[in-house]
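Note sheet for the following structure.
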Amino acid sequence: MNGEIFAQLEQKIQNAVDSIEMLKMENEELKAENAQLRQERDEWERRLGGLLDKLRALDETQSDAGA
């Protein structure tokens, strides 16, 4: 009986270790994906900022022409 309980405990521990390892791998994948998404967001923000600057310059040009 003790051997059976020990085997069950050993299996549960192994399952927990396996789950932890899988979660660690998934966490690393998510960190990499997060870094990529941050880069993409930064690029979009940079591009949007450039477009806003162009619109402001155009608005100033039109304001100066109207004055």
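By a straight-distance test (C-alpha under 15 Å), which aspartates and glutamates pair with residue 31 as possible cross-link partners, with residues fewer than eight away in the same chain excluded?
40
Among the lysines, which fall within straight-line cross-link reach of residue 12, defined as a Cα-Cα distance under 19 Å, with same-chain neighbours fewer than 8 residues apart omitted?
24
Using each residue's phi in the stretch 39-47, evaluate 6.51 cos²θ - 1.76 cosθ + 1.60 at θ = phi - 60° and report the 3J(HN,Hα) Karplus result to the nearest Hz, with x for Gly and Pro.
Result, rounded to whole Hz: 4, 4, 4, 4, 5, 5, 5, 5, 5.
Each value in this text was obtained by applying a stated rule to the coordinates, not by laboratory testing. Just so it is clear, the model here is predicted, and its values are computed rather than measured.
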